[in-house]
Ligand code: ADP
Ligand code: ZN
Ligand code: ZN
């Protein structure tokens, strides 16, 4: 008899599999979804391994198969195990990432006849039992739910148990079907000849009325085939009443047609040809191509490439051509982007290069649509799958290339639920398991990624120059404005003299301006308005966070607390309590200062409403329906806005003062990305950064577009303060409705961990905290955190029983 190691869908299962015997006659494969008895329940499980011998003495039998074909490929099985072990997450949580969407669905019980029924005397059965057997005999199988409706819940269950007990019926289980509604589109077409429609339009115009009906008629008379209603509306700007009027007059007709769901609207997307690569692009591309060929011939294991190129240096074109190469080799690719809603332009570029061969995964799809898309990907319908972090788990067959655009983005880390994986690290593992080549692309590589490239773990490719508007166009000029000087000069507005003048000049020239502030996390820190001093923790070097409820400053790493000083300890000024600014206030001030400029605000308050708000805002701004765009980090994403000649960073200090050792890196990345938005067109561009810390290395390096200078300084600090990549971190968070109990438990845990560490004699492991988490209170629960730092903190934590209420984050990105 064979045995199977099964990952079971139960919170009790944690990181382990369970052994089950395979009943004879049941064909079981690795990756198959099965039903297994677990306690007194029947649960879903996935077979991860087959073996001759069970891992324990007593095993139960697999109850049945959920789907005849394996749902996980062998490399996904290995990836699930790795993810669970690396991130210390329950195994089934990792498995679920790779299952068809909605796999954790309701179970439907069916009753059917056994393969061989025992002899029985019909008179020994009750009338109801006979009735059920009759039904089963006629229909082959009957759902328990149907019987319950007919006989009542209790009765039905009792009768089924009696019949099963006598061997006259068997139960089987299936997952509820995912309901996929067919997609229908309404089309509009003429009911009359095109000529007649044009005459009718001319008549309406002559009468000087219903000009919009006339426009619509003219538009339809030119169309060679029925036009989707939405397109007719967009093109001609006709409302429902205009369309109704034409239909009412018998001139046009609406028709509903069922269409195949296209993940992308190809309306307005024309196929594109590969561009002739610049010398730098060509050399990067050739390295990638040669690696792809070597792997295909089985000569080498695949390479991890870091493609470092400033914004606009043509990285995307390199991805596109590398993907085309992969397709030529009969393989496929996965492309990860930080946020799908913010990258419509990028998706269009992929869609136009690989028409109808691109799948897009995103959370706006309904469950049915996601399920549909998953199946089509698995069947190999697409050359390229594009999506956010979870797309790394798409069932893309014959994987040959993985691209991670803007690899430093924090959205690649899943922070809010288990497994707390980083898509970049998962991708590197997946590439290793499948033999895929991987490209990490970035203008501002993560310091840890660059460190690996420096050490030779990754192959570094560089695109040092912009390709547009022409090859070698300069990056925008960056001016750093010292806000302390503004104050000295009596300027109390949010805009320095320099920024005001530049804005006025750009607007006068009919150009566009972006005003940027960073409010993510909205950490409130206290700053001296005279000398710019920000108070930091003496032990951890991180910025102290202001807690208005207690009027104290707190270190979110070690819980050091001080009252807010009345005067600045450096310059003795009394103007020390200066807090950050928000987008709304910025909008208000800008509307006074730059009237009559048209303003457009883009932040999460605005985009939470509506369905395609990001796209709408981008399109509105690109159509020059506004002069000034005011926004937060969303603006920094890969937008191409040729009319923008000036970007003003109203305050660089918010991100600089995040209570996190990565604050400097984060600031450099943000400023570089924001600066990359200026001067994308032939008009050139300028960037003005306002700050109280003009001398900070992150700001200085961003102003000179100098990644190398930034990296050297940052890596030196990391080494000095023993932060990653020189160590690794595990963050443990405990949450509780009672703050005092929460803190107490965190302290108890710390003592326990220290005892364990010392008992095991691990020298190189330090415990930081406990301290209130950065977001101290979340949905009514308080959170305290403990950080473990060392060379192998997760190996240590993996042996510790973690009590309920704690979450474990391995390699956290934000502390
Ligand atoms: P990145 O991804 O590095 O920001 P892109 O690939 O988006 O850069 O390129 C920036 C712009 O330059 C795009 O408009 C792109 O079409 C154009 N471009 C890229 N490579 C070339 C090339 N070899 N020749 C002409 N234009 C190019
Ligand atoms: Zn001061
Ligand atoms: Zn501290």
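The values are calculated or read from the model by the stated rules, or taken from the named source; none is laboratory data. Being a predicted model, the structure only gives us computed values, none of them experimental. Note that each Cβ is placed from the backbone with ideal geometry, even for glycine, and that neighbours are counted across all protein chains shown.
Data for the structure
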{"read-out": "Test for residue 318: is it closer than 30 Å to residue 706 by Cβ and surrounded by 23 or more Cβ atoms within 10 Å (Cβ to Cβ)", "value": "yes"}
{"read-out": "Every residue from the stretch 293-342 that is closer than 23 Å to residue 467 by Cβ, more than 10 Å from ligand 1 (Cβ to nearest atom) and not in a strand (DSSP E or B)", "value": "322, 323, 324, 325, 326, 337, 338, 342"}
{"read-out": "Elements of type strands (runs of 3 or more DSSP E) contained in the stretch 128-199, each with 3 or more residues being modelled with pLDDT under 85", "value": "170-175, 183-190"}
{"read-out": "Residue under evaluation residue 638, criteria (1) part of a loop (DSSP other than H, G, I, E, B); (2) more than 16 Å from ligand 2 (Cβ to nearest atom); (3) at pLDDT 85 or above, criterion not met", "value": "(3)"}
{"read-out": "Residues of the stretch 539-558 classified as part of a loop (DSSP other than H, G, I, E, B), closer than 23 Å to residue 666 by Cα and more than 16 Å from ligand 2 (Cβ to nearest atom), total", "value": "8"}
{"read-out": "Top-ranked residue in the stretch 531-544 [being in contact with a strand residue (DSSP E or B) (Cβ under 9 Å, 6 or more places away or on another chain) and more than 11 Å from ligand 3 (Cβ to nearest atom); ranked as farthest from residue 659 (Cα to Cα)]", "value": "532"}
{"read-out": "Selection count, the stretch 712-743, where residues are within 22 Å of residue 539 (Cα to Cα) and touching a strand residue (DSSP E or B) at 6+ places or on another chain (Cβ under 9 Å)", "value": "11"}
{"read-out": "Members of the stretch 332-344 found to be modelled with pLDDT of 95 or more and either under 17 Å from residue 440 (Cβ atoms) or under 14 Å from the mean Cα position of the chain (by Cα) (or both), listed by number", "value": "333, 334, 335, 336"}
{"read-out": "Tally of residues being buried (at least 22 other Cβ atoms within 10 Å of the Cβ) and part of a helix (DSSP H, G or I) across the stretch 435-448", "value": "1"}
{"read-out": "Residue check, residue 72 at pLDDT 85 or above, part of a loop (DSSP other than H, G, I, E, B) and surrounded by 19 or more Cβ atoms within 10 Å (Cβ to Cβ)", "value": "yes"}
{"read-out": "Restricting the stretch 94-116 to residues that are surrounded by 15 or more Cβ atoms within 10 Å (Cβ to Cβ) and farther than 30 Å from residue 379 by Cβ, the residue that is nearest to the chain's Cα centre (by Cα)", "value": "111"}
{"read-out": "Neighbours by Cβ (under 8 Å, 6+ apart or cross-chain): first from the stretch 490-515, within 19 Å of residue 621 (Cβ to Cβ); second exposed (fewer than 14 other Cβ atoms within 10 Å of the Cβ)", "value": "512/624"}
{"read-out": "Test: residue in the stretch 355-367 that is part of a helix (DSSP H, G or I) and surrounded by 16 or more Cβ atoms within 10 Å (Cβ to Cβ)", "value": "no"}
{"read-out": "Residue list for the stretch 345-359, filter: at pLDDT 90 or above and touching a strand residue (DSSP E or B) at 6+ places or on another chain (Cβ under 7 Å)", "value": "350, 351, 354, 357, 358, 359"}
{"read-out": "Meets criteria (modelled with pLDDT of 85 or more, crowded, with 16+ Cβ neighbours inside 10 Å and over 30 Å from residue 784 (Cβ atoms)) for residue 572", "value": "no"}
{"read-out": "Test: residue in the stretch 257-269 that is within 20 Å of residue 185 (Cα to Cα), away from ligand 2 (no atom under 16 Å from the Cβ), surrounded by 12 or more Cβ atoms within 10 Å (Cβ to Cβ) and at pLDDT 80 or above", "value": "no"}
{"read-out": "Test: residue in the stretch 28-43 that is touching a helix residue (DSSP H, G or I) at 6+ places or on another chain (Cβ under 7 Å), at pLDDT 90 or above and at positive phi", "value": "yes"}
{"read-out": "Test: residue in the stretch 796-803 that is within 30 Å of residue 550 (Cβ to Cβ) and part of a loop (DSSP other than H, G, I, E, B)", "value": "yes"}
{"read-out": "Residue 289 vs. criteria surrounded by 12 or more Cβ atoms within 10 Å (Cβ to Cβ) and either assigned to a loop (DSSP other than H, G, I, E, B) or at pLDDT below 85 (or both)", "value": "no"}
{"read-out": "Residue list for the stretch 775-795, restricted to those being assigned to a helix (DSSP H, G or I) and in contact with a strand residue (DSSP E or B) (Cβ under 9 Å, 6 or more places away or on another chain)", "value": "793, 794"}
{"read-out": "Unmet criterion (only one of (1) surrounded by 14 or more Cβ atoms within 10 Å (Cβ to Cβ); (2) away from ligand 3 (no atom under 16 Å from the Cβ)) for residue 525", "value": "(2)"}
{"read-out": "One residue from 542, 554 being surrounded by 15 or more Cβ atoms within 10 Å (Cβ to Cβ), more than 27 Å from residue 475 (Cβ to Cβ), more than 16 Å from ligand 1 (Cβ to nearest atom) and at pLDDT below 80", "value": "542"}
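Condition check ((1) in contact with a helix residue (DSSP H, G or I) (Cβ under 7 Å, 6 or more places away or on another chain); (2) under 30 Å from residue 714 (Cβ atoms); (3) crowded, with 20+ Cβ neighbours inside 10 Å; (4) at pLDDT below 80) across all residues:
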{"site": "586", "(1), (2), (3), (4)": "no, yes, yes, no"}
{"site": "621", "(1), (2), (3), (4)": "no, no, yes, no"}
{"site": "628", "(1), (2), (3), (4)": "yes, no, yes, no"}
{"site": "647", "(1), (2), (3), (4)": "yes, yes, yes, no"}
